[in-house]
Amino acid sequence: MSTPSSHLQLNFQGQLRHFLTIEGLSRELLTELLDTADSFLEVGERAVKKVPLLRGKTVCNVFFENSTRTRTTFELAAKRLSADVLNLNIQTSSTSKGETLYDTLRNLEAMAADMFVVRHGDSGAAHFIAGHVCPDVAIINAGDGNHAHPTQAMLDMLTIRRHRGDFTKLSVAIVGDILHSRVARSNMQALQTLGCPDIRVIAPRTLLPAGIDQYGVRVFNDLRVGLRDVDVVIMLRLQKERMQSGLLPSEGEYYRLYGLTRETLALAKPDALVMHPGPINRGVEIESEVADGAQSVILNQVTYGIAVRMAVMSMAMTGQNAQRQHNQEILLAEQARKSGQETPACD
């Protein structure tokens, strides 16, 4: 189904040109992204960890929120694609002096960057930038408010596919602060698009958003019931900086009811994967023995994240280049028509 987001994200051929959200993207496109990321995993094992796909391009990391881990993986991904990378320190930028997002965007455009990787505390910020940026610049959403974190979702999907294979045979549980989690929203959309038949969300009622049913999930308020026989457990970080007081009695009470321990993990399938987007709050969301245990693929997620971000960047730049060439051809044809020099069609 076509959505406003998909129209903004895709070029005239249906190729990715911005990556803002999972919503509206097809299973075929998500599978292509995963396949491309799979091919890039080999690059990280080489002595020289570079390919020339973005040589001569400039990628600007524009982080209005702190996230050393995400920014670093985007930077490493861009450099492995041979791009030049500019990291904008928002804490010392003009935005702290009253400059608007629109003003910042215009100044970044003047630097002739080819791609902006944007992380912002306001939901919809990446869409705003994609809608107002000059047409030749690709926008990658590195997380916006509570709305979306599409590259995290795709690295999670790559982790699941590499360790469990076919999505259509899996049961996946997402546990924790669903209400404030952009990771949860993007993961639910990705799992639904890739055909996962049993998506479960497990959380206290106070940490569930309105309209959760639209994601095709089953809701559980009891961790022990929700974890039974699942193949994958995705734990979420407790979003303390986004929570208003009163949603939880205490971190200790949350851990008692919703923390993943060896005891509660035993309710899932014996070989169930344990995942977490990081950073981990040990003893709040998850027991250290589980986070570091044999079923944990948390460090694998970090490795796969570089490959996924390489795939997103390379695909978006390819889509932008094709769109740019298409626009130029249309412009030339229009100029020829206006000047009366258009070549007559042959019979």
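The values are calculated or read from the model by the stated rules, or taken from the named source; none is laboratory data. All figures in this text were calculated on a predicted structure; none of them were measured in a lab. Cβ placement follows ideal geometry from the backbone for every residue including glycine, while neighbour counts extend to all protein chains displayed. All accessible areas refer to the heavy atoms of the entire protein, side chains included, with ligands and DNA or RNA removed. Shrake-Rupley method; radii C 1.70, N 1.55, O 1.52, S 1.80 Å.
Quick check on Val51: is it outside any loop (DSSP other than H, G, I, E, B) and β-branched (Val, Ile, Thr)? Against the criterion (outside any loop (DSSP other than H, G, I, E, B) and β-branched (Val, Ile, Thr)), Val51 does not qualify.
Selection of first residues in segment 37-58 that are over 16 Å from Thr73 (Cβ atoms) and open to solvent by less than 80 Å² (accessible area, probe 1.4 Å) and of second residues that are part of a helix (DSSP H, G or I) and of a type in the set (Val, Ile, Thr), restricted to Cβ pairs under 9 Å at least 6 apart or on distinct chains, gives the following pairs, ordered by first then second residue: Val51/Val43. Restricting to segment 153-183, name every residue that is out of contact with any Ser or Thr (no Cβ under 8 Å at 6 or more places or on another chain), of a type in the set (Gly, Ala, Ser) and farther than 16 Å from Val274 by Cβ. Listed by number, the residues that qualify are Gly165, Ser181.
Does segment 76-86 contain any residue that is at pLDDT below 95 and closer than 22 Å to His18 by Cβ? Yes, segment 76-86 has at least one match. Inspect segment 13-29 for any residue being out of contact with any helix residue (DSSP H, G or I) (no Cβ under 8 Å at 6 or more places or on another chain) and open to solvent by less than 80 Å² (accessible area, probe 1.4 Å) and give the result as yes or no. Yes, segment 13-29 contains a residue that is out of contact with any helix residue (DSSP H, G or I) (no Cβ under 8 Å at 6 or more places or on another chain) and open to solvent by less than 80 Å² (accessible area, probe 1.4 Å).
Has segment 106-113 got at least one residue that is assigned to a loop (DSSP other than H, G, I, E, B) and closer than 15 Å to Leu16 by Cβ? No, segment 106-113 contains no residue that is assigned to a loop (DSSP other than H, G, I, E, B) and closer than 15 Å to Leu16 by Cβ. Taken together, the criteria exclude Ile330 from residues that are touching a residue at least 24 places away in the same chain (Cβ under 8 Å) and out of contact with any Phe, Trp or Tyr (no Cβ under 6 Å at 6 or more places or on another chain). The set of residues in segment 176-187 that are within 18 Å of the chain's Cα centre (by Cα) and either more than 18 Å from Gly305 (Cβ to Cβ) or open to solvent by 10 Å² or more (accessible area, probe 1.4 Å) (or both) comprises Asp177, Ile178, Leu179, His180, Arg182, Val183, Arg185. With Ser314, Ser288, Ser296 as the choices, which residue is within 28 Å of Thr36 (Cβ to Cβ), among the polar types (S, T, N, Q), at pLDDT 90 or above and in contact with a strand residue (DSSP E or B) (Cβ under 9 Å, 6 or more places away or on another chain)? Only one candidate qualifies: Ser296.
Looking only at residues in segment 161-190 that are in contact with a Phe, Trp or Tyr (Cβ under 7 Å, 6 or more places away or on another chain) and of a type in the set (A, V, I, L, M, F, W, C), the one that is nearest to Asp271 (Cα to Cα) is Val175.
Among what's in segment 62-74 and is outside any loop (DSSP other than H, G, I, E, B) and either aliphatic (A, V, I, L, M) or over 15 Å from the mean Cα position of the chain (by Cα) (or both), pick the residue that is modelled with the highest pLDDT.
Applying the filter and picking the extreme gives Val62.
Are there any pairs, at least 6 apart or on different chains, whose C-beta atoms fall under 8 Å, with the first in segment 159-173 and at negative phi and touching a residue at least 24 places away in the same chain (Cβ under 8 Å) and the second of a type in the set (Val, Ile, Thr) and open to solvent by 50 Å² or more (accessible area, probe 1.4 Å), and if so, which? Short answer, once both residue conditions are applied: none. Applying the condition of being within 17 Å of Tyr258 (Cα to Cα) and free of Cβ contacts under 8 Å to residues at least 24 places away in the same chain to segment 279-307 and asking which residue is surrounded by the most Cβ atoms within 10 Å (Cβ to Cβ) yields Ala291.
The single residue among Ile174, Ile178 that is in contact with a strand residue (DSSP E or B) (Cβ under 6 Å, 6 or more places away or on another chain), under 22 Å from Ala142 (Cβ atoms) and either of a type in the set (D, E, K, R) or in a loop (DSSP other than H, G, I, E, B) (or both) turns out to be Ile178. Within segment 188-197, the only residue that satisfies the criterion of being under 21 Å from the mean Cα position of the chain (by Cα) and surrounded by fewer than 18 Cβ atoms within 10 Å (Cβ to Cβ) is Gly195. Of the residues that make up segment 209-227, is at least one touching a helix residue (DSSP H, G or I) at 6+ places or on another chain (Cβ under 7 Å) and open to solvent by less than 10 Å² (accessible area, probe 1.4 Å)? Looking through segment 209-227, at least one residue is touching a helix residue (DSSP H, G or I) at 6+ places or on another chain (Cβ under 7 Å) and open to solvent by less than 10 Å² (accessible area, probe 1.4 Å).
Could you please find all residues in segment 176-226 being free of Cβ contacts under 8 Å to residues at least 12 places away in the same chain and of a type in the set (Gly, Ala, Ser)?
Step one: of segment 176-226, the residues free of Cβ contacts under 8 Å to residues at least 12 places away in the same chain are 210-211, 213-214, 225.
Ala210, Gly211 - these are the residues of segment 176-226 that are free of Cβ contacts under 8 Å to residues at least 12 places away in the same chain and of a type in the set (Gly, Ala, Ser).
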